[in-house]
Amino acid sequence: MADNARRFHPVVGLAVAVLGLAGIVTAQHLPIRETVQDDLTTRSEQALAAAGLSAVEVDFIGRDGTLKAASAAEADQALAIVRRLEGVRVAVAEVPAVAAPAPSPSPTATVTPPTVVFTLSGGRATLTGTVPTEAARKRLFEAATFLAGTGPVDDQLKIDPSVTDAGLDGAANVISAYGQGAKDVSVELRGGNLSLTGTLASQAAKDAVATAAAQSGSVVVDRTEVAKVQQELVKLPAVTFLDNSTTLTPAGRAALGQAARILTANPQVKVRIEGHTDSNGTAADNLTLSRARAKTVLDYLVKQGVAADRLTAQGYGESRPARPNTSEAGQAVNRRVEFIVLP
């Protein structure tokens, strides 16, 4: 026994005493800690409820609290309340992550306008480009078919819902306004610009195209032109009369019927009617005859509906031969009536 007592070191005894004391303190502290955190939780919940924040969850470990709020604004308000409570050491808040909403299209976002090109040349009509719907394609195809008449239309239009319909109705109306008889037609809608070319059968058709283009809502570049009226009048059959008379032959009346239709289709055109003869007979008689025939033509055209103020008549007799009067063929050419389009 004496030997065992001598081997018991004083340090060991001290360590045992310290450990024993720590166990006693810990055992006493645990119920106190639980009481503190329960108290802080209860007081926090009451303070939050009084502020209308009862949905905020509170969890304390000792004097350190964690709040769970639905939004950052709610979290900031709850933290300000809880942190003012006596006994709170630390308070933090958790807010659930919310997926960011998809960005709204910018009002300045780029949109793609449609592209349409219609051409009619040599009896061949073609439609190319991109439109947003089948209805838009059909509308353009119908206008192209009308203008092409009996000819086919090569429809190469594509449908893409991402493009807009800006200017499409206007383009279709312009195509229709050209009217059958137009030549070398091109109607191009691209980037909001409407470019027009072609030769129209009459001024009335050109006016109709200009009106439709002005109402299209597009920026218009109009390079259309009216068919050369002078050329059409020159190509008419000869206006013929009975020998040494101002009486028209049936062929002469038919030729003037064509002239009346050309002039009616081009109401802006003014014409001088010129009478000419060959050199047979006296110069005075030929001058009188040429004037009378020119007046006969004017009167006939007025009866066909051509306004009289668009027409003048002049006789030149034998003074302006188109061919030498040395042969019967040349004399036949010189007995003529000409239509001169005035500036």
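Just a few scattered comments:
- Top-ranked residue in segment 125-167 [being assigned to a strand (DSSP E or B) and of a type in the set (Gly, Ala, Ser); ranked as modelled with the highest pLDDT]: Gly129
- Residues of segment 222-263 classified as surrounded by fewer than 16 Cβ atoms within 10 Å (Cβ to Cβ) and part of a helix (DSSP H, G or I), total: 10
- Looking only at segment 171-199, and only at residues there that are farther than 24 Å from Thr115 by Cβ and in contact with a helix residue (DSSP H, G or I) (Cβ under 7 Å, 6 or more places away or on another chain), the one that is surrounded by the fewest Cβ atoms within 10 Å (Cβ to Cβ): Gln180
- Out of Thr282, Thr296, Thr277, sole residue that is surrounded by fewer than 17 Cβ atoms within 10 Å (Cβ to Cβ) and hydroxyl-bearing (Ser, Thr, Tyr): Thr282
The values are calculated or read from the model by the stated rules, or taken from the named source; none is laboratory data. No experiment lies behind these values; they were computed from the predicted model shown. All Cβ positions, glycine included, derive from the backbone under ideal geometry; neighbour counts span all protein chains shown.
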